[in-house]
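Below is one structure; the comments refer to it alone.
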Amino acid sequence: MPSVERYRIAVFPGDGIGEEITAPCLDLLAQACAAEGDVVLDFHPLPAGAGHYRDHGEAFPKESLDAAREADAILLAAMGLPDVRYPDGTEISPQLDLRFELGLYAGVRPVRLVPGIPPALADSRAAALDCVLLRESTEGLFASHGKGTVEDDRVARDTLVITRDVSERLFDFAFRMAARRRARGRPGRVTCVDKANVFTSFAFFRRVFDEVAAHHPGIDADHMYVDAVALNLVRQPWQFDVLVTENMFGDILSDLGAGLIGGMGMAPSADIGDEAAVFQPCHGSAPDIAGTGKANPTAMILSAAMMLDWLGDRRGHEGTVRAGARLTAAVDAAFANGRLLPYELGGSDGTTAIASAVGAALAAGDPVATVPA
Ligand code: ATP
């Protein structure tokens, strides 16, 4: 009997469409692991979010945070509701606090077009679009969150912070990711995205990048100013492999990237630190379509596949990595013939139709070489 690899997964269904996309996602995760035979996930659903705040007066109960810390990985659907706010009027988004609490500095935003999804760009090369944006997620301009000032109603200030410690770890992560991608047939090149021609902080960011690049001589490294990257992401995104950037630039560019691959319902993500990681779709709780069955579960399913890939890589367990590859391949197979089209892209396939198609592809499927970044 082969030994079974077990993982404890903290699950946050959260708000809005969160619950609806979580249930089929967990079923598909279990199915992908069962197909391998030696991987078992123990799911621990936990309360948190805007609805929980409305009903119980706290957005992220301590017990939930403690359970998340003890888990091997955290899978989160969506949190936040527009009409539920803190007394100061700000939105309830405890998932953002998790990034700071757990030191999740590497925000991984794959920009890969699922075959069969209509590309945003007309060029035939757009069909093979597959790059990844790495967004630093704990500092940059967001270091000023909650600390900005307004002086005499005349001047407002927010301060951008770049530290050597976090930048080195981020760049190291980027080069390791590029090496893994190269092993899977991608170019394996890292581009530092900055504004080093104007700001001292970004000149420092670039200098640290060059220092880290020198420790990875086998991987190509280059730089590009953020404005040029924005232009080229629209004109010829297939030229990129791994892009690494500051928090605010990454926030903006990752939505641009999502637009290239069919929108928020198709865009997975991971926020990864040295000891913990959160996997969640890029979209929010989409309260306008909650309860209608129209939510696209694909971004969450692809995020779950990234989770398996990360868990397997961390433990050195091939079966877990393969289960992730199976799930990604099943998503690709489900959409490949172009007949499955989510509501948000003008089609008429909702949560159940998409999840069933992925489940059928998993049942039929072979793990193919397609793997998450
Ligand atoms: P947040 O501020 O939390 O990111 P938001 O309100 O800006 O949230 P989303 O909740 O991500 O944005 O969604 C914007 C719109 O996109 C939604 O109102 C919904 O119509 C559509 N949308 C988002 N995610 C999905 C999905 N998974 N399936 C279908 N439509 C979606």
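The values are calculated or read from the model by the stated rules, or taken from the named source; none is laboratory data. This one's a predicted model, so the numbers in the text were calculated from it and none came from an experiment. Glycine also receives a Cβ, built like all others from the backbone with ideal geometry; neighbour counts cover every protein chain displayed. For the accessible areas, the whole protein counts, side chains as well, though only heavy atoms, and no ligand, DNA or RNA atoms are used. Shrake-Rupley method; radii C 1.70, N 1.55, O 1.52, S 1.80 Å.
Suppose we filter Asp55, Asp72 for residues that are closer than 27 Å to Gly312 by Cβ and either open to solvent by 40 Å² or more (accessible area, probe 1.4 Å) or more than 15 Å from the ligand (Cβ to nearest atom) (or both); which single one remains? On inspection, the qualifying residue turns out to be Asp72. Is region 299-309 home to any residue that is in a helix (DSSP H, G or I), open to solvent by 10 Å² or more (accessible area, probe 1.4 Å), among the charged types (D, E, K, R) and more than 16 Å from the ligand (Cβ to nearest atom)? There is no residue in region 299-309 that is in a helix (DSSP H, G or I), open to solvent by 10 Å² or more (accessible area, probe 1.4 Å), among the charged types (D, E, K, R) and more than 16 Å from the ligand (Cβ to nearest atom).
Quick one: Gly263 ticks every box in (1) at pLDDT below 95; (2) within 29 Å of Phe202 (Cβ to Cβ) except a single one, so which number is it? Condition (2) is where Gly263 drops out. Would you be able to say whether some residue in region 10-23 is at pLDDT 95 or above, in a strand (DSSP E or B) and under 14 Å from Ala305 (Cα atoms)? There is no residue in region 10-23 that is at pLDDT 95 or above, in a strand (DSSP E or B) and under 14 Å from Ala305 (Cα atoms). Of all the listed residues (Ala360, Ala334), the sole one being open to solvent by less than 40 Å² (accessible area, probe 1.4 Å) and of a type in the set (Gly, Ala, Ser) is Ala334. A count restricted to region 80-110 and to residues that are under 28 Å from Val242 (Cβ atoms), open to solvent by less than 50 Å² (accessible area, probe 1.4 Å) and aliphatic (A, V, I, L, M) stands at 5. Listed by first and then second residue, the pairs with beta-carbon distance under 8 Å, at least 6 apart or on different chains, first residue in region 29-41 and in a strand (DSSP E or B), second among the β-branched types (Val, Ile, Thr) and open to solvent by 50 Å² or more (accessible area, probe 1.4 Å), are Val39/Val4; Val40/Val4. Only a single item in (1) open to solvent by less than 10 Å² (accessible area, probe 1.4 Å); (2) outside the structural domain of Ala230 (by TED's automatic domain parsing) is not met by Val242, and it is number (2).
Taken as a whole, the condition of being within 14 Å of the ligand (Cβ to nearest atom), open to solvent by 10 Å² or more (accessible area, probe 1.4 Å), touching a strand residue (DSSP E or B) at 6+ places or on another chain (Cβ under 9 Å) and within 30 Å of Met177 (Cα to Cα) does not apply to Pro24. Considering Gly324, Gly338, Gly319, the condition of being more than 16 Å from the ligand (Cβ to nearest atom), in a loop (DSSP other than H, G, I, E, B) and touching a residue at least 60 places away in the same chain (Cβ under 8 Å) is satisfied by Gly338 alone.
Considering region 82-200, the qualifying strands (runs of 3 or more DSSP E), each wholly inside and each with 1 or more residues that are touching a residue at least 24 places away in the same chain (Cβ under 8 Å) and not small (Gly, Ala, Ser), run over 106-112, 130-136, 189-194.
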